[in-house]
Every structure is written in structure tokens, then in C-alpha cells.
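Student: What follows is a single structure, and I will ask about it in a moment.
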Amino acid sequence: MAEIDGVQPTPEKAEEQQADSSWPKPGEEGYVHPDGTPQSVQQLEDNRRAAADRAAAGSIVHGAPLATPGPDVQAERDKAVERAETYDGTTTEQAEEHLTEWIEEKTEEKADEAAEGDGEQTKPAARRTRATKPADAKKE
């Protein structure tokens, strides 16, 4: 191996990636060109995260470009369906709800800190309360 200052040359890294059976083949979920660049490694990680996020959202969409499908497009679609059906982690909806709650809690904490810093018990202009209706609710 001809590493220079601990960095492996791209062509050698490409050979490793192409020999690594964990890298997806064309048409498979998450496919990226195994060209040995750091960008290819990052793209593969991003593609795998996107597939996990689609499963968390209950999506059965196949994420690889199907312009050049692999040997069995239906098998890849079936894998996406299975991922979505067997996913048992936090869903996208739950994550959004938790984020909203976290933001509201931290906003209140900051408002309380600001009020205490001014020597006041409450500061109505800086204090926010939870909305009683969703922002997108229709006005009656």
C-alpha cells in the first residue's frame, strides 16, 4: 500500500470498496459509485441514512435510481416494503412531535432565564405559551 502521511491513494481505496460486498450494486438501495473518494464513502452513509429515514416514515419507496436497475427491481421494492413494515424505532411523526416539545420547553426556559436576569418574575413579551390550535388549522 502506498500511503502518504496516512492517506491511502484513491485508486487503491476504490479497489477495496469494489471488493467489499457490503457496498450496494447498481440498482440496489443506496447505490453509489465505489470510486475510492471520501465523497463516495459519505454518499453511501447518506444513502443508508435516507433509506432508514424512509423506513421511519413508513415509506415503501426504493431510493436507488431505477434508470439503470439491477437484476431484480421488484426484489429491491420488496426490501423497501419490508424495511417499512418491520421498522420499530422512532417514527418521523414522533420525532417531529418530540422536537416541537423540546423547542417549546427550551424557549420557556430561556424566557424564564431572561426574566430572572432582569429581576422580574415574569416578562410577558418574552414568554411564549403552547398554541391551542395547530398553525395550519382553518380559521372559523
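Every number in this text was worked out from the coordinates using simple rules, so none of it is lab data. Keep in mind the model is a prediction, meaning the values are calculated, not measured.
Student: In 5 Å bins starting at zero, report the fraction of Cα pairs in segment 71-112 per bin as a rounded %.
Tutor: 5, 19, 13, 13, 11, 10, 9, 7, 6, 4, 2, 1
Student: Any idea how far the Cα center of segment 1-39 sits from the one of segment 74-120, in Å?
Tutor: Cα centroid to Cα centroid, the span is 34 Å.
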